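Read the structure below first, then the notes.
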Amino acid sequence: MTDLLTVPAEPYGFAFDPARTALVIIDMQRDFLEPGGFGAMLGNDVGQLRRTIAPNRRLLAAWRQAGLLAIHTREGHRPDLADLPPAKRRRGGGGTTIGDSGPMGRILVRGEPGHDIIPELAPAPGEPVIDKPGKGAFFATDLHAILHNRGIDRLVVTGVTTEVCVNTTVREANDRGYDCLVLADCVGSYFPEFQAMGLAMIKAQGGIFGFVADSPALLASLAAAGLIQPALQGAA
Ligand code: C5J
């Protein structure tokens, strides 16, 4: 077994065995992040999410170089919307909603352009992609089975949005026995106050849901262990 590494984090250091740790990148989808997508159409400032692209790219490149498991998720529904709860469809303040035509195809429907992961973070062959109908990545998916079968007990969680799908996934993971490290510079919210609170809630009360650090701290620990080239710590 690989020695445990420790990343300086809040509320205290996050110890992990890289071979038993997966990077889970949540919902870095075009409709959430791109200027012409559904999120922008609703009037959100996608810049708040786009600032996470460069650090996620850096992290993913390092993670791959270290030969570790990276998993991608996408929020979306079947084209017939049979897996879309009426309550989820109803909510959203009226107007254009899930399943309707949007600027990048039908909103949050699998197979539509807006449902795709942004090209900057496209999954590599062999990296699992989890299509999830809910906010959490464990609900109605095979994520837990995939992690369990690979002996994974720690997660590094990044993606969007901090207070919705990232928080929900971390809480689901916590209840299933995983330790989660959330990287503050690699998660984003359209709302700065939710970004701050979303992170504060995870690390509160001695890490009630998990740990929070920045990606350079994790990259430094991988480099110190010789798992990545030191150059990758700063490469975009
Ligand atoms: C939302 C998500 N915000 N990925 N989805 O509806 O956080």
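The values are calculated or read from the model by the stated rules, or taken from the named source; none is laboratory data. Note that the structure is predicted; figures quoted are calculated from it, not measured. FYI the Cβ positions are ideal-geometry reconstructions off the backbone, even for glycines, and counts take in every protein chain you see. Calculation scope for accessible area: heavy atoms of the full protein, side chains included, ligands and nucleic acids excluded. Shrake-Rupley method; radii C 1.70, N 1.55, O 1.52, S 1.80 Å.
So the values come out like this:
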item	result
Mean-position separation - Cα centroids, the stretch 185-236 and the stretch 129-183, in angstrom	16
Carbon/sulfur fraction of accessible area - the stretch 112-202, other protein chains in place, 1.4 Å, %	58
GLU120-GLN65 pseudo-label distance in nm [points 7 Å out on the Cα-to-Cβ vector]	1.9
Student exercise, the chain dipole from Lys, Arg, Asp, Glu Cβ charges, in Debye to nearest 20	220
Estimated FRET transfer efficiency (ARG90, VAL129; beta-carbon r; R0 30 Å; 0.05)	0.60
Net lengthening on full extension, ILE208/LEU4 (0.36 nm per residue, minus Cα-Cα)	71.3 nm
Beta bridge orientation in the chain: antiparallel %, DSSP, nearest 5	20
3J(HN,Hα) from dihedral phi, the stretch 19-24, Karplus parametrisation 6.51/-1.76/1.60, rounded to Hz, x for glycine, proline	5, 10, 10, 10, 8, 10
VAL187 long-range amide H proximity, modeled H, under 5 Å	GLY159
Cα Rg, Dmax (largest Cα-Cα span) when computed across the chain, Å	17.1, 53
Antiparallel %, DSSP beta bridges [both residues in the stretch 1-129], to 5	45
DSSP H segments from the chain that extend 15 Å or more along their own axis, Cα-based, with Kyte-Doolittle mean of -0.5 or above	53-65, 192-207
